[in-house]
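Please read the structure below before turning to the comments.
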Amino acid sequence: MTELVFRALADESEFALFDSITTLPTSGVGQRMRPFRELAAEGEYRPEWVWIAQRDERVVARAAFSAPHRAEHPWGLDYFDFDTVENGAALLKAAYAALVTPDYHSPIGPRPEYNLLLPPDWRERPDAFAEADARIQAAEKAGLTFHVERLNLRWIPEYGLPPRSTRLAFTPVTDEQVLLDLMVHIVTGSLDAGDQADLRSMSPKEVAAHLMAMVGDMPGGRDRWRLAYNAAGELVGMVMPTRNDRSATTGYIGVDHRHRGHGYAYDLLAEAVHIFAAEGEPLIIDNTDVGNHPMAATFERIGYRVTGRRILMA
């Protein structure tokens, strides 16, 4: 049998070759909202970040990495399909070895993070479970490990605006030191898996500064960021409405650990939705960890709907 050839695409003309693979999932696993070539045409996928495995000129495995337009290195792995687990794992090993160079850096971590997109009910459906499990196995064979499972969430105006808070007062962020000091208290005891992982290697202040920089660098800027004060004038929380390359999103939201237990997350998220609605945003895309039950319940109360799940591996 002819040996496999692993390589990145030579140029944009080979995007059609990447899309020629025939062993695609049929259950919705890995399915994105828009076609690959449409996303590639917008510059999200660069040829040197898009990898294929070929046997006798036939594509038997593929992997596409992406990052925002201005990024130097890929941040995430979004497409990962193959005919066998072994071929998929071999392709990933080759791609990661080439892309994670000594100068690699991203705000996500020390190497690109695999985003395995899943239907909401993937565990209850044998077809979806099998296709998801094959990708998890291949990623593990390539050296990746499970990080967290998240809910993908969507709000559109047709769902209705939530009531705006009457117990909190919101002000724009004019002093980022005030925000940084607040975020130090927010990340302390955070239920977010990413925050927890960062706290194992960084101080709360370093984690807070990292989050501020990451959200601040998003295309939405910092003008929508808000601080929230209770009736006693105490600073209790913050929310960072912003935009990514595709839609409006809540960059970060949090309540000072000294003021938790009052349901303030609802007020904060409702304020973000109202800010976006006033700007005429047609869609808000957010996510939260499956294990972060309070935040998942808050999104549900606001009116968000679950559109799917994703497993993150790195």
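For the reader, a short list of remarks on this structure follows.
- Given charges at Cβ of Lys, Arg, Asp, Glu: the stretch 233-306 dipole, positive-most of Tyr266, Val239, Thr288: Thr288
- In Hz, Karplus ³J(HN,Hα) per residue of the stretch 30-40 (6.51, -1.76, 1.60; θ = phi - 60°; x = Gly, Pro): x, 6, 9, 5, 10, x, 4, 5, 5, 5, 5
- Ranked packing of 123-135, 47-59, 162-174, most packed first, by mean Cβ within 10 Å: 47-59, 123-135, 162-174
- Interchain or long-range residues, amide H under 5 Å from Leu283's placed H: Ala248
- Normalising the average separation of contacting C-alpha pairs (under 8 angstrom, six or more residues apart) by the number of residues puts the relative contact order of the chain at 20 percent.
- Expressed to the nearest 5 percent, the antiparallel share of DSSP beta bridges inside the chain is 95 percent.
- Separation of the stretch 181-199 from the stretch 15-55 is 35 Å, based on Cα centroids.
- For the chain, the calculated P(r) over all alpha carbon pairs, in 10 Å bins from 0 to the bin holding the longest distance, is 6, 25, 32, 23, 11, 3, 0, 0 percent.
- Pairs of C-alpha atoms in the stretch 57-115 farther apart than 13 Å represent 61 percent of all such pairs.
- Long-range HN-HN contacts of Gly254 with modeled amide H, under 5 Å: Met238
- Computed log₁₀ I(q)/I(0) - Debye formula, equal Cα scatterers, no solvent, the stretch 129-279, q 0.13, 0.21 Å⁻¹: -0.67, -1.38
- Ordering Phe36, Asn115, Trp51 by the projection of their Cα atoms onto the charge dipole of the stretch 5-144, which places +1 on the Cβ of Lys and Arg and -1 on the Cβ of Asp and Glu, puts Asn115 at the extreme positive end.
- Value at 222 nm in deg cm²/dmol, rounded to 500, when DSSP H runs of n ≥ 4 in the chain each add -39,500 (n - 2.57): -9500 deg cm²/dmol
- Whole-Å distance, taken between Cα centres, linking the stretch 64-128 and the stretch 226-279: 31 Å
- Protection-proxy order for peptides 260-269, 4-13, each taking the mean of Cβ atoms within 10 Å per residue, highest first: 260-269, 4-13
- Intensity falloff of the stretch 31-162 expressed as log10 I(q)/I(0), Debye formula with alpha-carbon point scatterers, at q = 0.23 Å⁻¹: -1.56
Bear in mind these aren't lab numbers, they're just calculated from the coordinates by the rules spelled out. Everything numeric here is computed off the predicted structure, so don't read it as measured data. All Cβ positions, glycine included, derive from the backbone under ideal geometry; neighbour counts span all protein chains shown.
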